[in-house]
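The values are calculated or read from the model by the stated rules, or taken from the named source; none is laboratory data. Small disclaimer: the values here were computed from a predicted structure and weren't measured. As a convention, Cβ positions derive from the backbone with ideal geometry for all residues, glycine included, and neighbour counts pool all protein chains shown.
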Amino acid sequence: MTAAALSWLLLPLVLATACSRPGPGPDGAPAPGETRTFEGTWSASGTRHTLHLERGHQASIFTLTGSLLLTGQRGLGVGFQGEVIGMSDSLTGGVGRCVWTDERGDKVFSELRGEPIGTGSHVVGTITGGTGRYAGVTGEYELRWQYVIESDEETISGRAIGLKGRVTAPPAPAPAR
Amino acid sequence: MTGPGSERRKLLSRVATFTLAVGLWSAPVPSGLTSQAWHLFAIFAAAIFSVIVAAFPLLTAAMLAAAAAVLTGTIMPAKAFAGFANGSVLLVVVAFLVARGVVKSGLGRRISLLVVSAFGRSTLGLAYSVFLTDAAIAPAFPSNTARSGVLFPIVLSLAEGAGSMPQDANTRRLGGYLMFCGMASLAVSSALWLTATSVNPIGVEIAEQFGLKINFGTWLIAASVPALAVVLLLPLVLYRLFPPGVSATPHAPAAAREALRSMGPLTRDEKVVAVAFVLMVTGWVMAGTLKVDLTAVAFAGFGALLATSVLTLDDITQEGGTLATYLWLAVLFAMSGQLNELGFMGYVGGRLSSALEGTPWPAAYVALVVLYVLMHYLFVSQSSQVLALLGVFVEVGVRTGVPPPLIIFALLFASSYFSTITPQGGSQNVIFVGSGYLSQGELYRLGALTTGFCLVVFLVLGTPWLLLVVR
C-alpha cells in the first residue's frame, strides 16, 4: 500500500473523529422560554452581481453560503450551514434574509441589515423564527465581515467574525383545561 | 498487468470503495453540518479513494461520483455540471490542444533541441533546465495554469525528442520524470514569487486583515531560502523517487546541435505557431493590465492555429485524452467547490484548527501547517482553499501564540507547494497529468512524497529564516 493510500485511509477517520467530537458545550435549542447567548464565526462564499449607478454609487445583489461555527458554554448548537441572499447599496446599506440549517435539517430564519457588504462592514440580524426544534425562536445577533474578497468575476468569499447574539425560545403552551 | 491476482485486488478495491461510501453516507451527520454536505463528502471521498487504490480510473470515478451526487438529490444538476463552463477548466483544455500544435509544427522539437544542446548531458540536467526556466519566467505570469501551457509543450518535446513515449513501458519513465518535474516546478515557483499565481494576491489580501502588509520584495525575501532550496534539491529527490531509466547522455548536446542544423530554417507552420505563441504569452502576461480574459486569449491562439491549418479538425478528433481530462476535471472542480459552498471545508477546517487551541505555539504551528496541507486532498482549486481556510488557520495560530508573520507566510507558501499532492490539486497539473506518462498511482505517490518533502524543507529551513527576516 502506498503512503498516499495509507493517508487516505486515515484521513476520513481523522475527519470523522474531528467532526463527531462533541462541541465545547452547546447542546442545541433552548428550552421553552429560555434565552441563550451564542458567538462564533462564519466562512462563506458565493456570488455578487453589481450594478454601477451614478458616480460612486453601486448596488449589488449577493448570495453567500458557508459554515457557521458557534462556540460558548451554552450556545445554540455546534454550528449551521448559513445561507444568505441580500441586496447591498453603497449609499444606503444592505439588507438580507438568512437561513441557518443544522444537521437535522432544522432551520433558523433571520433578517439582516447594516452597512454595504464588504471588508469591515457591520451587520445586525433579527431572528424571526425557525422550524423543528427552533420553531418560534426570536432573538438578535451581530457580526463583522473580517474580509470580503472578490476572487473571480462576480465570485466572492468572506469571513465574518465577532458573531454574537442571543436567542429566546417561545414559552411552553399553557396546559389545556 | 492482468491476471487473477490483479483482478482480485481490483475487486477488493472496489468493495473497499463502496464500503467507504456507504459507511460515510450512513454515519450520523456531525453536529453543525447539513446532511447534504456530509453526503457530498461521502461521495467525493469515495471517488478520490477509489482512484488512489486503483479501483477505478479518475474519469470513471468522476463520472460515477457526479451521477451519484445528482441522482441522490445531494446537489442540483446545475451545480454539479458548473465546472464545464469554468474558465480555468477550459483554459487547461485549450492549452492542451495548443501544445499539440507546438509539437506538430516542429517548433517544440526545435526548442527541445536547443534545451538539450545546452543542458542535455544528463536527464538531471534537463530536469534542472525545466525548474530554472519556470522559476525565471514565473514572476511575469500571474496565472500558473497559463504558465503550464507554456512549459508543457517544451517538456513534451523534450520527452518525445528523447524517444520517450507514454505507451512504451521501456521508455516512458524518462517522460514521466520530466512531466512530474514540470508539475513540481510550477508548485515551487508559485511559492517563490508573489506574482507567479493568482492565489498569492488573494492570500496577501487576507494577510492584510491580520495586520501584515506583504509586497513583492518582502514575499521574495521570505520565500527565497526555502523555495530555492527546494528548486535545488527536488529534481534530485524526484530522480531517486522515480528513476527515469536514462541518466547520462554525454553525446546528446552534440547530437542536438547536429539535428538543429539539419532542421534548417523555421518552416511556415513553425513561424505561425511561434507568432501565435508569443502573442498568447504576451496576452497572459499582460492580462491583468489589459483586463483581458486568460481563457479567451487561449481560444484566440487555438483559433489562429486552426484557421492557418497548423492544426486540423483531424488532429482534434484524435485528442480523446483531452476530452477525458475535461470531463473529470470539470466534475471534480464543481464537486469540490460545492463541498466548500455547503460549508464542509470551513467546518472541518474550523473544527480541526480550533482543536489545537491551548497547545504550545511551536506544536500548534507545525500541526496547523500539516493539517492545512493535508486538507488539500479535498480541494481541486488552490484559491478555494485559501479563501475558505487561510483566515481560519491564521486566526487559530495567532490565538495560540504563533507569531503572525510566521504562520501567515508558512500557510501562504503551503498554498502553492501543496498543489502537487493530488493530480487535481491545481489546474496547472492537469495538462501534465493528461500526457499519460504517469499512472494515477504514481501521480498520487509522487504527489504525496513531493508535498511531504516541500513541507519538511519549508518547516525546517523556512521557519528559522522567517523568524529572522519577517519579524
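Before moving on, here are some points about what is shown:
- Residue match in the range B:161-171 (condition: part of a loop (DSSP other than H, G, I, E, B) and under 20 Å from the mean Cα position of the chain (by Cα)): yes
- Failed condition for A:TRP145, given (1) within 30 Å of B:PRO142 (Cβ to Cβ); (2) not in a strand (DSSP E or B): (2)
- Flag if B:PRO464 is within 13 Å of another protein chain (Cβ to nearest Cβ), out of contact with any Asp or Glu (no Cβ under 7 Å at 6 or more places or on another chain) and under 29 Å from B:ILE407 (Cβ atoms): no
- The residue list B:VAL89, B:VAL70, B:VAL51, B:VAL22 contains one member that is out of contact with any strand residue (DSSP E or B) (no Cβ under 6 Å at 6 or more places or on another chain) and either part of a loop (DSSP other than H, G, I, E, B) or more than 13 Å from every other protein chain (Cβ to nearest Cβ) (or both), which is B:VAL70.
- Residue under evaluation B:LEU64, criteria (1) under 28 Å from B:SER6 (Cβ atoms); (2) within 13 Å of chain A (Cβ to nearest Cβ), criterion not met: (2)
- Only one entry of A:ALA31, A:ALA44, A:ALA59 meets the criterion of being at pLDDT below 90 and small (Gly, Ala, Ser), and that entry is A:ALA31.
- Exactly one residue among B:ALA256, B:ALA222 is touching a residue at least 24 places away in the same chain (Cβ under 8 Å) and within 28 Å of the chain's Cα centre (by Cα), and that residue is B:ALA222.
- Residues satisfying the stated conditions in the range B:108-148, i.e. part of a loop (DSSP other than H, G, I, E, B) and surrounded by fewer than 22 Cβ atoms within 10 Å (Cβ to Cβ): B:ARG121
- Some residue of the range B:313-334 being over 29 Å from B:ILE43 (Cα atoms) and either of a type in the set (S, T, N, Q) or within 14 Å of chain A (Cβ to nearest Cβ) (or both): yes
- Evaluation of B:PRO28 against (1) within 14 Å of chain A (Cβ to nearest Cβ); (2) buried (at least 16 other Cβ atoms within 10 Å of the Cβ); (3) closer than 25 Å to A:GLU83 by Cα (one fails), failing number: (2)
- Scanning the range B:73-86 for residues that are in contact (Cβ under 8 Å) with a residue 40 or more places away in the chain and in a helix (DSSP H, G or I) yields B:LYS79, B:ALA80, B:ALA82, B:GLY83, B:PHE84.
- Taken over the range B:259-296, residues that are farther than 30 Å from B:ALA118 by Cα and either basic (Lys, Arg) or touching a residue at least 24 places away in the same chain (Cβ under 8 Å) (or both) amount to 6.
- Selected residue [among the aliphatic types (A, V, I, L, M) and under 25 Å from B:VAL188 (Cβ atoms)] from B:ALA80, B:ALA136: B:ALA136
- Among the residues of the range B:331-352, the one identified as β-branched (Val, Ile, Thr) and modelled with pLDDT of 85 or more is B:VAL331.
- The single condition from (1) closer than 16 Å to B:VAL285 by Cα; (2) out of contact with any Asp or Glu (no Cβ under 6 Å at 6 or more places or on another chain) that B:SER189 fails is (2).
- Residues within the range B:130-151 that are of a type in the set (Gly, Ala, Ser) and under 16 Å from B:LEU228 (Cβ atoms), tallied: 3
- Restricting B:PHE379, B:PHE453, B:PHE418 to residues that are of a type outside the set (D, E, K, R), surrounded by fewer than 24 Cβ atoms within 10 Å (Cβ to Cβ) and more than 10 Å from chain A (Cβ to nearest Cβ) narrows the list to B:PHE453.
- Residue within the range B:435-458 that is in a loop (DSSP other than H, G, I, E, B), of a type in the set (Val, Ile, Thr) and under 14 Å from the mean Cα position of the chain (by Cα) present: no
- Residue match in the range B:149-156 (condition: among the β-branched types (Val, Ile, Thr), crowded, with 23+ Cβ neighbours inside 10 Å and not in a loop (DSSP other than H, G, I, E, B)): yes
- Residue in the range A:63-70 that is out of contact with any helix residue (DSSP H, G or I) (no Cβ under 9 Å at 6 or more places or on another chain) and more than 22 Å from A:ASP152 (Cα to Cα) present: yes
- Flag: B:ALA37 matches the condition of being part of a helix (DSSP H, G or I), touching a strand residue (DSSP E or B) at 6+ places or on another chain (Cβ under 8 Å) and within 12 Å of chain A (Cβ to nearest Cβ).
- Of the set (1) within 29 Å of B:GLY337 (Cβ to Cβ); (2) away from chain B (no Cβ under 14 Å); (3) surrounded by 16 or more Cβ atoms within 10 Å (Cβ to Cβ), all apply to A:ILE156 but (2).
- Only one of the numbered conditions (1) out of contact with any strand residue (DSSP E or B) (no Cβ under 8 Å at 6 or more places or on another chain); (2) within 14 Å of another protein chain (Cβ to nearest Cβ); (3) polar (S, T, N, Q) is not met by A:THR65, and that is (1).
- Looking only at residues of the range B:386-403 that are part of a helix (DSSP H, G or I) and away from chain A (no Cβ under 14 Å), we find that the one that is surrounded by the fewest Cβ atoms within 10 Å (Cβ to Cβ) is B:THR400.
- Looking across the range A:94-129, the residues that are surrounded by fewer than 18 Cβ atoms within 10 Å (Cβ to Cβ), within 14 Å of another protein chain (Cβ to nearest Cβ) and over 28 Å from B:ILE206 (Cα atoms) come down to A:ARG104, A:GLY105.
- Failed item, numbered, when B:GLY358 is tested on (1) more than 14 Å from chain A (Cβ to nearest Cβ); (2) surrounded by fewer than 20 Cβ atoms within 10 Å (Cβ to Cβ): (1)
- Checking the range B:389-407 against the condition returns a match, with at least one residue being modelled with pLDDT under 90, under 24 Å from the mean Cα position of the chain (by Cα) and farther than 21 Å from B:GLY452 by Cβ.
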